[in-house]
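Novice: Have a look at this one.
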Amino acid sequence: MEAHFLGTAGGVPTPGRSLPCSALRVNGRTLLFDCGEGSQRQLMISSLSLMSVDVVLLSHHHGDHVTGIPGMLQTMGLFSRGRGMRIMGPEGTVELLEGMMSTYGEELPYGLEVRDLEDGDGLVFEGVDISAVATEHGVPSLGYVAREPLRPGRFLPEKARALGVPEGPLFSRLQRGEGVSVGGKTVEPEEVMGPTREGRSIAYSGDTMPSPRFASAARDVDLMIHEATFPASMADRAAESLHSTAAQAAQVALDAGARFLVLNHISPRVEDEAAHAQEAAEIIGASKVAVARDFDRMRIDYRE
């Protein structure tokens, strides 16, 4: 599981930052969080394949988050895509896509599923459960929390031996979740496995002011990607526009117990990225925060 940061600007692009688009990479397939102008070009420059994108999850419908959709869909058609695509987002997403495709007047040579999502709705992507979470941005807006299912506990060979199971193929069967017969009795996997373990997890805020609902839904995630549009010196502007400062993003991550925070959606008004990170570090700790830059990527490993 990897997170890729393809566009990390807030509002307008800059020479160093493209408009919002982050990717979740699982089992060779790609899901996009938002799809701002230029996202397909960012994908082509990155290590990701444009044609590996199967799902786009929109946080809201402001132009900087959605204007990359039509061009990307058309390019996929030109590349003879046959596999279907899913685009989902808050209320109005179906209407948005109908308008876009009607305007461009091109019928795609592959299936396109479009859905409006509400708070609490979910989907599954490559075995990962993803939940939509209502956020606070003045328009219908969603964040997303992606969690792998619980993993089996570690195999405990000493317990298996104590129950009379010989090393070899029967060990492998127990690790696969199969019961085995030994000396006229059945040994079940749960007898020789440790406690279940957490899967990997990631949370993406989209644009929002600090949201207790999002912090609660993102409880204990491995990686939180949170908008940090403004520095603390512009807290009034952040409140007026329903955005977050770096310090506010860090407080949300702290409240959630997130293991690591990436600050995203950076305004051109942020002139000193190190100072921006420091504002968050003062709350969550310097070792637990970074400012996203275009083409950064982060691998999410299992905790044990």
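The values are calculated or read from the model by the stated rules, or taken from the named source; none is laboratory data. Note that the structure is predicted; figures quoted are calculated from it, not measured. Note that we place each Cβ from the backbone using ideal geometry, even for glycine, and neighbour counts take in every protein chain shown.
Novice: Pick out the one residue from Gly105, Gly120 that is surrounded by fewer than 18 Cβ atoms within 10 Å (Cβ to Cβ), modelled with pLDDT under 95 and at positive phi.
Specialist: Gly105
Novice: I've got another one for you. Here are the criteria: (1) under 26 Å from Gly28 (Cβ atoms); (2) surrounded by fewer than 16 Cβ atoms within 10 Å (Cβ to Cβ). Tell me which single one Ala132 does not satisfy.
Specialist: (2)
Novice: Further, regarding this structure: Which residue is surrounded by the most Cβ atoms within 10 Å (Cβ to Cβ), if the candidates are limited to the range 193-225 and must be in contact (Cβ under 8 Å) with a residue 60 or more places away in the chain and assigned to a helix (DSSP H, G or I)?
Specialist: Phe214
Novice: Is it fair to say Ser80 is closer than 17 Å to Thr8 by Cβ, assigned to a loop (DSSP other than H, G, I, E, B) and not β-branched (Val, Ile, Thr)?
Specialist: Spelling it out, it is not the case that Ser80 is closer than 17 Å to Thr8 by Cβ, assigned to a loop (DSSP other than H, G, I, E, B) and not β-branched (Val, Ile, Thr).
Novice: Among all residue pairs at least 6 apart or on different chains, which show Cβ distances below 9 Å where the first residue, located in the range 161-176, is within 10 Å of Pro189 (Cα to Cα) and the second is assigned to a loop (DSSP other than H, G, I, E, B)?
Specialist: The qualifying pairs are Phe171/Val165; Phe171/Val192; Arg173/Gly179; Leu174/Val165; Leu174/Glu188; Leu174/Val192; Gln175/Pro152; Gln175/Val192.
Novice: How about the range 19-34: which of its residues are assigned to a loop (DSSP other than H, G, I, E, B) and surrounded by fewer than 23 Cβ atoms within 10 Å (Cβ to Cβ)?
Specialist: Asn27, Gly28
Novice: Tally the residues that are hydroxyl-bearing (Ser, Thr, Tyr) and crowded, with 19+ Cβ neighbours inside 10 Å, restricting the search to the range 55-74. Explain how you work it out, then say what you get.
Specialist: Let us first name the residues in the range 55-74 that are hydroxyl-bearing (Ser, Thr, Tyr), namely 59, 67.
Then drop every residue that is not crowded, with 19+ Cβ neighbours inside 10 Å, which leaves 59.
So the count comes out to 1.
Novice: Moving on. Only residues that are assigned to a helix (DSSP H, G or I) and closer than 18 Å to Met298 by Cβ: list them for the range 247-275, please.
Specialist: From the range 247-275, those assigned to a helix (DSSP H, G or I) are 247-256, 273-275; that's our starting set.
Scanning the range 247-275 gives Ala249, Ala250, Ala253, Ala256, Glu273.
Novice: Shifting gears a bit: If you take the residues of the range 43-54 that are over 15 Å from Leu112 (Cβ atoms) and more than 18 Å from the chain's Cα centre (by Cα), which of them is surrounded by the most Cβ atoms within 10 Å (Cβ to Cβ)?
Specialist: The initial filter retains those residues of the range 43-54 that are over 15 Å from Leu112 (Cβ atoms), namely 43-50, 52.
From what's left, more than 18 Å from the chain's Cα centre (by Cα): 44-45.
Values: Met44: 11, Ile45: 13.
Of everything passing the filter in the range 43-54, Ile45 is surrounded by the most Cβ atoms within 10 Å (Cβ to Cβ).
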